[in-house]
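Visitor: To start, I am sharing the structure in question, which I have written as structure tokens.
Where a number appears in this text, it was derived from the coordinates with a stated rule and is not lab data. These figures come from a predicted structure and were not determined experimentally. For neighbour counting, all protein chains shown are included, and Cβ atoms are generated from backbone atoms with ideal geometry for every residue, glycine included.
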């Protein structure tokens with residue numbers, strides 16, 4: 001029986017083209033499959049699962065003469081609600097003359113350093 005290929009986090013980082021710290025973080029958060037045998041280890045199956053998890057496909061533009069694709073069960077055909085923009089808050093105008101600040105003196109730790 002052939003032994004399964006097992007690689008470490010450094011080899012996986014080279015394979016995926018990412019940082020070792022990213023792999024460590026994802027493993028610690030249990031977001032990617034791995035083995036914990038004297039550190040993080042990964043089989044071929046783990047690598048394939050990670051690739052599928054982070055695969056992104058481009059959105060395909062539908063031509064006007066094409067039939068719309070069937071919606072999977074449990075999803076609505078309605079478009080998402082439009083996002084509302086944030087409204088800015090009105091800033092009160094500055095008062096004439098401004099606010100006078102009172103002198104509080106030196107902080108206590110500075111007084112001790114000055115010997116006063």
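Visitor: What is the fewest-to-most order of 36, 15 by other Cβ atoms lying within 10 Å of their Cβ?
Guide: 36, 15
Visitor: At 7 Å along the Cα-to-beta-carbon direction for both residue 44 and residue 21, put a label point, then send me their distance in nm to one decimal.
Guide: Placing both labels 7 Å beyond Cα along the Cβ direction yields 3.3 nm.
Visitor: Next question, about the same structure. Based on other C-beta atoms within 10 Å, arrange 52, 20 from fewest to most.
Guide: Ranking 52, 20 by Cβ neighbours within 10 Å, fewest first, gives 52, 20.
Visitor: Need one word for the range 6-53: rounded, prolate or oblate. Basis is the Cα gyration tensor (sqrt eigenvalues a ≥ b ≥ c); a/c below 1.5 gives rounded, then a/b vs b/c decides.
Guide: The shape class here is rounded.
Visitor: Could you line up 55, 44, 24 from fewest to most neighbouring Cβ atoms inside 10 Å?
Guide: 55, 44, 24
Visitor: Any idea what the relative contact order of the range 6-53 is, in percent, if you count C-alpha pairs under 8 Å spaced at least 6 apart?
Guide: 41 percent
Visitor: Using 0.36 nm times the number of residues separating residue 30 and residue 52, minus their current alpha carbon distance, what extension gain do you get?
Guide: Full extension from residue 30 to residue 52 adds 6.3 nm.
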